[in-house]
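Student: Provided herewith is a single structure, encoded as structure tokens, for subsequent inquiry.
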Amino acid sequence: MTHRLEGAPGQGAATRTLIGRIAGGAITAAAVTIAVIGSITSAASGQEINASMTIVAPAAAGGGWDGVARELQQAQKANGLINNVQVVNMPGAGGTIALGNVSVLSGQPNNLLVGGTGLLAATIQFDSSATLDDVTPLAVVVEEYDVIVVPADSPYETLDDLVDAWKQDPKSIPWTGGGSFDQLVVTDLALAAGIDPVDTTYISSDGGGEAIQALLNGTARAAAGGYPDNIDQIEAGRLRALALVAAEPIEGIDVPTAAEQGYDISLTNWRMLAAPSGLEDADVDALTDLVLESVETPEWQDAIERYHWTERIITGDELKTFLDDEEARIRALYEEMGL
């Protein structure tokens, strides 16, 4: 069976964990809101967008969303794009707590929310009251690719080797990953291989580091995880990379794609910036221009190299189409998982 994303040993425990997570998120949200709402309101009261900005990272410090927020902050500060820019971490319920808090700042343009594939997935997973329709998406800026890995001493030398064993006995290959996005990738691979995702054993780990440990200690036999999270272990010879989850080969990454090996999967972990709803068209245009200026700076380009991101800029009508397509795709994957 497929374990729920909370990684509990059974459905009852999973439900309790999920409820606890959401309840904890609500408490966290209340505490965070009390602590920072003054700062957000202060930023929103600025007469010009370039005077002040609050960038909301919908997760704790140290994660991917936080990295995007802080690198954006650095780029804006170093180049004088914003006079006063701060980052506020607002974790909880896969990012939907932050989404809900930003969604009520209607008409206040001095706020940016970091989001991405995981946030869109969380709105579906948790059936959150706030969705991306309640904010103003501005731009997708980068994407990150997952890699399929096994321990270096694994008997599986190729992706076909792994999939063949998985097909013979789906429950005998416990998978892991660092978050909900990674489970979506595993589900996508199962479907491409003709395996019912419901028959798959998936053990959710709390972040890429924990997923790697699950592989190295034998708890899991295969994993999907972000390439940046796994590159050090791959280069050190502790993990074997079987496939990169990308539509086509990526320059600088010497790992064959799943598509090259006959498995048509290409779900990417993209990152985006959004603003509150109810903005004037001029504010939306100014914020979009600000984001585009920020990602052209040397500081941001350096971050792309350090984080092994791939730049991908999507704005305007193309962005709306992209988000609609991604929502349909992710929703279908959750239905396949039986969640």
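The values are calculated or read from the model by the stated rules, or taken from the named source; none is laboratory data. Note that the structure is a prediction, hence the values are computed from the model and not measured. Backbone-built Cβ (ideal geometry, glycine too); neighbour counts: all protein chains shown. For accessibility, only protein heavy atoms count, side chains too; no ligands or nucleic acids. Shrake-Rupley method; radii C 1.70, N 1.55, O 1.52, S 1.80 Å.
Student: Taking amide H atoms as placed 1.01 Å from N in the peptide plane, list the residues 5 or more away in sequence, or in a different chain, whose amide H sits under 5 Å from that of A246.
Tutor: A258, A259
Student: When only Cα pairs under 8 Å and 6 or more residues apart are kept, what is the percent relative contact order across the chain?
Tutor: 24
Student: If packing is taken as the average count of other Cβ atoms within 10 Å, what order do 172-183, 282-293 fall into, highest mean first? Walk me through the numbers before you get to the answer.
Tutor: Numbers: 172-183: 24.3, 282-293: 16.9.
Order by mean packing, descending: 172-183, 282-293.
Student: In addition: Return one whole number: the accessible area per residue of the chain in Å², for a 1.4 Å probe.
Tutor: On the way: 14260 Å² over 339 residues.
About 42 Å² of surface per residue is accessible.
Student: What ranking, highest mean first, results for peptides 78-88, 129-139 when packing means the other Cβ atoms within 10 Å averaged over each residue?
Tutor: Packing order, densest peptide first, comes out as 129-139, 78-88.
Student: Compute the acute angle (0 to 90°) between the alpha-carbon long axis of helix 64-78 and the principal axis of greatest extent of the alpha-carbon atoms of the chain; round to the nearest 10°.
Tutor: Roughly 40 degrees between the two axes.
Student: Separate question: What value, in deg cm²/dmol to 500, does the helix sum -39500 (n - 2.57) over DSSP H runs of n ≥ 4 give at 222 nm once divided by the residues of the chain?
Tutor: That comes out to -14500 deg cm²/dmol.
Student: Can I ask one more? On a full-extension model of 0.36 nm per residue, what is the gain between K167 and E293, subtracting their alpha-carbon distance, rounded to one decimal in nm? Intermediate results must be reported in sequence, preceding the final value.
Tutor: On the way: separation 126, 0.36 × 126 = 45.36 nm, distance 4.80 nm.
Once the chain is fully extended between K167 and E293, it gains 40.6 nm.
Student: Return the distance in nm (one decimal) between the two label points of a simple spin-label model at A236 and A61, each offset 7 Å from Cα along Cα→Cβ.
Tutor: That separation, rounded to one decimal, is 2.4 nm.
Student: Let me ask another. Relative contact order of the range 180-339, please, whole-number percent, based on alpha carbon pairs below 8 angstrom and at least 6 residues apart.
Tutor: 24
Student: Oh, and also: Roughly speaking, what is the stretch gain from A78 to S277, that is 0.36 nm per residue apart minus the C-alpha to C-alpha distance, in nm to one decimal?
Tutor: 68.8 nm is the gain from fully extending A78 to S277.
Student: At a 1.4 Å probe radius, carbon and sulfur cover how many percent of the accessible area of the chain?
Tutor: 46
Student: Got a sec to turn the phi values of the range 154-166 into Karplus ³J(HN,Hα) couplings, 6.51 cos²θ - 1.76 cosθ + 1.60 with θ = phi - 60°, whole Hz, x for Gly and Pro?
Tutor: Residue by residue, the range 154-166 yields 5, x, 8, 8, 9, 5, 4, 4, 5, 5, 4, 5, 5 Hz.
Student: Roughly what angle does helix 298-307 make with the longest principal axis of the chain, taking Cα atoms, 0 to 90 degrees, to the nearest 10?
Tutor: That helix lies at roughly 20 degrees to the long axis.
Student: Under the definition of Cα pairs under 8 Å and six or more residues apart, what whole-number percent is the relative contact order of the range 99-165?
Tutor: 30
Student: From the backbone phi of the range 116-133, what are the Karplus-calculated ³J(HN,Hα) couplings (6.51 cos²θ - 1.76 cosθ + 1.60, θ = phi - 60°) in whole Hz, Gly and Pro given as x?
Tutor: For the range 116-133, the Karplus curve yields x, 3, x, 5, 4, 4, 5, 5, 7, 4, 9, 6, 5, 5, 8, 10, 5, 5 Hz.
Student: Oh, and also: Please list the non-local residues whose amide H lies under 5 Å from the amide H of I313, H modeled 1.01 Å from N, same-chain partners needing a gap of 5 or more.
Tutor: none
Student: Pull out the extension gain between E210 and A286, defined as 0.36 nm times the separation in residues minus the alpha carbon to alpha carbon distance; nm, one decimal.
Tutor: Contour length minus the Cα-Cα distance gives 23.3 nm.
Student: Which residue fluctuates the most in the chain, going by a Gaussian network model with Cα springs under 10 Å, if the choices are S103, S154, S52?
Tutor: Checking each option, the largest mean-square fluctuation is seen for S154.
Student: Using 7 Å Cα-to-Cβ label points, what is the Q301/A328 separation (nm, one decimal)?
Tutor: 3.7
Student: What's the Kirkwood radius of the range 252-339 in Å, using all Cα pairs?
Tutor: Here the Kirkwood hydrodynamic radius works out to 16.1 Å.
Student: Could I ask something else about it? Hey, what does the equivalent ellipsoid look like for the chain, semi-axes from the Cα gyration tensor as sqrt of 5 times each eigenvalue, largest first, whole Å?
Tutor: Ellipsoid semi-axes (Å, largest first): 35, 22, 17.
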